[in-house]
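A quick write-up on the structure given underneath.
The values are calculated or read from the model by the stated rules, or taken from the named source; none is laboratory data. Values in this document were obtained by computation on a predicted structure and should not be read as measured data. Cβ placement follows ideal geometry from the backbone for every residue including glycine, while neighbour counts extend to all protein chains displayed. When the accessible area is computed, the model is the full protein with side chains, heavy atoms only, and any ligands, DNA or RNA have been set aside. Shrake-Rupley method; radii C 1.70, N 1.55, O 1.52, S 1.80 Å.
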Amino acid sequence: MSLQNLSLNTLFVGQQLLFLPECASTNTVAQELVNKNDATDGCVIIAGAQTGGRGQRGNTWDVEPDKNITLSLVLKPTFLEATQQFALNIAVSLAALDLLKSHLPEGAKIKWPNDLYHQNLKVGGILIENAISGRFLQHSIIGIGINVNQVTFQHDRATSFALLAGKEFSLQTMVTQLLQNLERRYLALRAGAHDQQKQEFLKQLFRYQEWHPFEVEGQRVMGQIAGVDAVGRLAVIVEQKLKFFQFQEIKYLF
C-alpha cells in the first residue's frame, strides 16, 4: 500500500487525495486547489518530500524524503465563527496527539499553540491558515508535519517516533490513523464538543499550571500557564498578574 492509495475508513477526509513525490509546501498546493475550486471538503495533499514547509512565525519545516508525515488537509468549517477559530486548532492538535499517544502514551503533550511534544522534544507541528467570510470561517488549510522515521535532525530539540520507540513505523499506517483521528475530532467539534475538547486540550497542555521560564519582550520571566482564552491567546501568570499572549509575544525557555 502506498501513500497515494490509502485504505481509509472515513466519510470525507482523504476521499479526495493527491500524492506528490515532492513539493515546496503542501499548504501552498492546497491553497492553489482551493483558489481553483478544485478542493472538496476533506481534500488531503501528501508529499513524499517537502522542500519549503512553513511553520509558526515563518519558521521552515525541512524533513528527509519519504520518512515523515507531511500533508495538508482542506476543511470548510462554516459552522465556526471567526472568534471561535482556535477551537479548530484544539481539535486538530488533539487528533495529532491521539496518534502520538497510541504509540507512545507516556510523555506526550501539546505545546501551545499546536506543536506535538514528547517530554521536552518536538515531534511535530501544525500550521492552520483560515479564510474568513463575514462572521464565519470559509475554509481552513491545515498543514501537519510529524517526524516518523527520521533519526538525524539539525535542531537539538527535535525527535521522532523512531527515535523514541527504537523502531521504524509504517508511514501508510501512521497517515491512515492520523486522517481517521482528524475526521473523528472534527466531527465531534461540528457536533458541539467545543468545551469538552478545550478541557481535554488543557489537560494535555505542555507545562500547564507549572512554573517555568519564558521570554517576554526580550526579558526572562517566570510564569505559570493558566489557560487559553477564546481566541487562542495563552494566559500566563507573570509577577502575580494574569497576562494574555499572542503566538509571537512569548517564548518558552528550556
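Numbers below:
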{"item": "Test: Leu33 is farther than 24 Å from Glu64 by Cα and either out of contact with any helix residue (DSSP H, G or I) (no Cβ under 8 Å at 6 or more places or on another chain) or assigned to a loop (DSSP other than H, G, I, E, B) (or both)", "result": "yes"}
{"item": "Residues located in segment 145-158, provided they are open to solvent by 10 Å² or more (accessible area, probe 1.4 Å), under 17 Å from the mean Cα position of the chain (by Cα) and within 16 Å of Gly52 (Cα to Cα)", "result": "none"}
{"item": "Criterion (within 19 Å of Leu171 (Cα to Cα), surrounded by fewer than 19 Cβ atoms within 10 Å (Cβ to Cβ) and at pLDDT 95 or above) met by exactly one of Thr40, Thr26, Thr51, Thr10", "result": "Thr10"}
{"item": "Subset of segment 121-143 [more than 21 Å from Asn37 (Cα to Cα) and open to solvent by 10 Å² or more (accessible area, probe 1.4 Å)]", "result": "Leu121, Lys122, Gly125, Ile126, Leu127, Arg135"}
{"item": "Breaking point among (1) closer than 22 Å to Glu106 by Cα; (2) part of a helix (DSSP H, G or I); (3) open to solvent by less than 40 Å² (accessible area, probe 1.4 Å), for Ala188", "result": "(1)"}
{"item": "Single residue of Leu164, Leu179, Leu137 found to be at pLDDT 95 or above and more than 19 Å from Phe12 (Cβ to Cβ)", "result": "Leu164"}
{"item": "Among residues of segment 226-251, those that are in contact (Cβ under 8 Å) with a residue 60 or more places away in the chain, open to solvent by less than 20 Å² (accessible area, probe 1.4 Å) and either under 20 Å from Asn120 (Cβ atoms) or not β-branched (Val, Ile, Thr) (or both), counted", "result": "2"}
{"item": "Checking Gln138 against (1) part of a strand (DSSP E or B); (2) closer than 22 Å to Thr173 by Cα; (3) not hydroxyl-bearing (Ser, Thr, Tyr), the condition it does not meet", "result": "(2)"}
{"item": "Verdict on Met174 being of a type outside the set (Asp, Glu), open to solvent by less than 10 Å² (accessible area, probe 1.4 Å) and either closer than 25 Å to Leu121 by Cβ or not in a loop (DSSP other than H, G, I, E, B) (or both)", "result": "yes"}
{"item": "Condition check for Glu215: more than 16 Å from Asp115 (Cα to Cα), among the acidic types (Asp, Glu), surrounded by fewer than 16 Cβ atoms within 10 Å (Cβ to Cβ) and touching a Leu at 6+ places or on another chain (Cβ under 7 Å)", "result": "yes"}
{"item": "Test: residue in segment 159-171 that is within 18 Å of the chain's Cα centre (by Cα), open to solvent by less than 50 Å² (accessible area, probe 1.4 Å) and not polar (S, T, N, Q)", "result": "yes"}
{"item": "For Ile45: the one exception among (1) open to solvent by 50 Å² or more (accessible area, probe 1.4 Å); (2) of a type in the set (Val, Ile, Thr); (3) part of a strand (DSSP E or B)", "result": "(1)"}
{"item": "Meets criteria (of a type in the set (Gly, Ala, Ser), part of a loop (DSSP other than H, G, I, E, B) and either within 28 Å of Leu253 (Cβ to Cβ) or modelled with pLDDT of 95 or more (or both)) for Gly223", "result": "no"}
